[in-house]
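Here is the structure we will look at, set down as structure tokens.
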Amino acid sequence: MMNDMATPLLNLPTELVQHIFTFLDAHDLANVAPACRRLRDISYDDRIWHPIVNHFIPNGISEPSPAKSFRELYIGHHPHWFLTKQKIWFGDTEPMGKLLLARFDQNTGAITAHSIAASRGPNTLSYWEKDPEVIIHSFEPRVMLDLHKPAMRLDLNTWQNQHSRNGNPSDRGYAPASIYSKEILMETFSESGLYSSFLLCRDLPKAAIKEQTAIWPPLRFPASGRARNDSKDRYSSAGHRPSSLDKVSQNNFRIRKWVEYTGRRTIPSWITFSSGSSLSAALGVGMPYFANGLGSTAGGMDIRMPEDITTYASMPESCYTSTPQKPWQGIWCGDYSGHGCEFLVITQPDPDQEQPLPERMDWLREWFRGGRRGSVGSNQSFVSAMEELLDLPEGTLTEAGTDVGYDSLPASPSSAMLDVEDAPTGRIEAIKLTGDPNIPRGEYTFIAPDIGHGGFIRIADEEMFQGARVVRSAGHMAGRGFQRDQYTPSQLIMISHDRLAQFWEGFGHISYYQRVDLDALMKFETTTVATRSRASTPEPPEISNEIEMG
């Protein structure tokens with residue numbers, strides 16, 4: 001029978017078939033394996049699976065440890081490899097947000113994501129040579145990973161083993177009965193009663209996305225996919241959860257956190273929920289995602305308090321990677337005075353990808369073209385917004401009082417007021433990845449509409465910024481709670497490809513931005529944490545030999 005069904009592929013030497021298989025992805029290999037024993041044996045070869053795994057790990061690994069093979073390692077974290085592939089993730093928690101770096105930890109075999117944090121370093125005060133009334137704060141940030149506890153941790157084989165141990169339908173009963181709609185309880189808290197779980201997402205179709213649609217990330221971010229970040233049923237319905245592998249978003253995921261009071265702490269590995277009971281209804285905890293039953297061995301009654309659900313998103317790496325044509329693209333750390341350090345992404349979109357400038361920048365359009373700013377009404381709106389931001393009584397500032405540095409600064413004989421021939425071109429957009437009570441995460445922090453000849457102001461001749469290109473920009477400001485937001489005239493001082501400064505004209509101060517070294521963060525030391533985790537993590541059990549394709 002086998003001879004009757006033989007194909008030319010089976011007549012090829014094993015080495016050639018193996019080479020052909022290197023062009024297949026993991027799911028195609030999984031489909032080939034059941035065809036016959038010979039193809040199965042070839043498709044299991046680790047020389048094929050090693051590059052497949054390393055495709056998802058930016059720095060690559062040379063050994064599959066703690067798994068026995070690269071194929072088992074891949075299966076042990078299927079379908080979560082997109083987390084390490086995308087690497088940078090930012091959350092929608094109001095208003096601060098959170099920035100995560102996802103990595104594969106070979107010491108434990110887990111995929112972990114830690115928060116990226118920064119301290120501003122020693123603070124010294126100086127004054128601008130061009131205007132002694134303008135304050136400049138030093139800024140030498142130290143960027144690091146918060147290794148105290150991971151924001152996300154998926155152990156090797158957790159997903160596979162939870163699926164094999166638990167045959168219950170999907171979490172809420174009315175979502176699709178799919179393993180991809182399940183959530184995984186994570187070991188991210190050491191404190192009793194604190195829990196977190198991981199949820200896969202599904203992308204929202206582009207046709208369903210309008211300007212007012214609640215999505216993460218917002219449309220101002222470049223993204224390959226977006227998910228809803230507002231739900232009346234706390235993300236329990238089928239529209240939020242993938243029902244099959246091809247519906248699993250590669251661009252979003254969610255983390256749920258909650259506090260639970262119970263007789264004793266338990267560590268269930270897979271969350272299942274029973275239908276509402278009269279007791280839970282009486283307690284007001286029978287709503288979706290308020291669990292009245294957990295798949296665990298806990299005795300007594302569990303009461304779950306209101307929870308927090310954060311949607312995380314990623315961006316195409318090409319949008320935050322610098323190139324000779326776009327040298328300022330990247331993840332940056334900014335000095336936001338009393339708010340501390342915040343993270344932002346700086347992009348340089350191609351002309352055909354530029355979005356319309358925010359409407360609140362309309363009053364600055366004439367200034368961007370080299371003239372003065374717009375209407376008196378817009379000026380008054382700017383003054384009112386600044387008074388609220390600075391918590392000043394109404395009428396404290398005047399329109400004249402916001403003109404500090406607005407027109408061309410006094411030029412010294414050595415000032416270079418003529419632009420260079422090989423000037424950069426295009427637009428720079430800076431969007432907050434983390435935020436503060438005034439300007440939250442996901443909003444523009446500044447925009448320089450034209451860093452070329454059109455937006456050019458001067459070449460800095462003062463000692464502090466010697467040789468830096470200075471262009472017109474607009475800084476975003478607002479009162480607490482993002483009230484009465486407005487764009488204020490500012491000047492972007494382009495010190496280098498790794499350091500920028502912003503002269504906020506109406507505030508009379510200059511703040512700095514420093515590029516984040518992502519390669520250094522990827523190598524950030526985890527030995528101490530890994531040792532502790534290794535001591536408390538049991539050996540991974542045997543895993544299924546197949547990849548779930550449903």
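Those residues that are free of Cβ contacts under 8 Å to residues at least 60 places away in the same chain and within 13 Å of Y512 (Cβ to Cβ), I need them from segment 108-121; list them, please.
Passing the criteria: only G121.
Which ones in segment 59-90 are among the charged types (D, E, K, R) and in contact with a strand residue (DSSP E or B) (Cβ under 9 Å, 6 or more places away or on another chain)?
K85, K87
Can you spot a residue in segment 410-422 that is assigned by TED's automatic domain parsing to the domain that holds S337, at pLDDT 95 or above, part of a loop (DSSP other than H, G, I, E, B) and crowded, with 16+ Cβ neighbours inside 10 Å? Can you show your working first?
Step one: list which residues in segment 410-422 are assigned by TED's automatic domain parsing to the domain that holds S337, which gives 410-422.
Now restrict to residues that are at pLDDT 95 or above: none.
The answer is no, given that none of the residues of segment 410-422 is assigned by TED's automatic domain parsing to the domain that holds S337, at pLDDT 95 or above, part of a loop (DSSP other than H, G, I, E, B) and crowded, with 16+ Cβ neighbours inside 10 Å.
Does P541 count as assigned to a loop (DSSP other than H, G, I, E, B), modelled with pLDDT under 95 and surrounded by fewer than 18 Cβ atoms within 10 Å (Cβ to Cβ)?
Working: assigned to a loop (DSSP other than H, G, I, E, B): yes; modelled with pLDDT under 95: yes; surrounded by fewer than 18 Cβ atoms within 10 Å (Cβ to Cβ): yes.
Yes, satisfied.
Quick test for you: out of S337, S322, S314, pick the one residue that is modelled with pLDDT of 95 or more and surrounded by fewer than 21 Cβ atoms within 10 Å (Cβ to Cβ).
S322
Pick out, from segment 1-80, the helices (runs of 4 or more DSSP H) lying fully within it that include 3 or more residues that are farther than 28 Å from K523 by Cβ and not hydroxyl-bearing (S, T, Y).
Where helices (runs of 4 or more DSSP H) fall fully within segment 1-80 and carry at least 3 residues being farther than 28 Å from K523 by Cβ and not hydroxyl-bearing (S, T, Y), they are 14-21, 26-32, 37-43.
Quick one: count up the residues across segment 114-129 that are surrounded by 19 or more Cβ atoms within 10 Å (Cβ to Cβ) and farther than 30 Å from L101 by Cα.
1
Scan segment 308-334 for residues that are within 17 Å of L433 (Cα to Cα) and without any contact (Cβ under 8 Å) to a residue 24 or more places away in the chain and jot them down.
Residues satisfying the conditions are S318, T321, Q329.
Outside the structural domain of E505 (by TED's automatic domain parsing), hydrophobic (A, V, I, L, M, F, W, C) and at pLDDT below 95: does that describe L147? Steps first, please.
Details: outside the structural domain of E505 (by TED's automatic domain parsing): yes; hydrophobic (A, V, I, L, M, F, W, C): yes; at pLDDT below 95: yes.
So L147 fits the description; yes.
Only one residue in G506, G467 is part of a loop (DSSP other than H, G, I, E, B), assigned by TED's automatic domain parsing to the domain that holds K432 and surrounded by 21 or more Cβ atoms within 10 Å (Cβ to Cβ), so which one is that?
Sole residue among the options that is part of a loop (DSSP other than H, G, I, E, B), assigned by TED's automatic domain parsing to the domain that holds K432 and surrounded by 21 or more Cβ atoms within 10 Å (Cβ to Cβ): G506.
The values are calculated or read from the model by the stated rules, or taken from the named source; none is laboratory data. Just so it is clear, the model here is predicted, and its values are computed rather than measured. For neighbour counting, all protein chains shown are included, and Cβ atoms are generated from backbone atoms with ideal geometry for every residue, glycine included.
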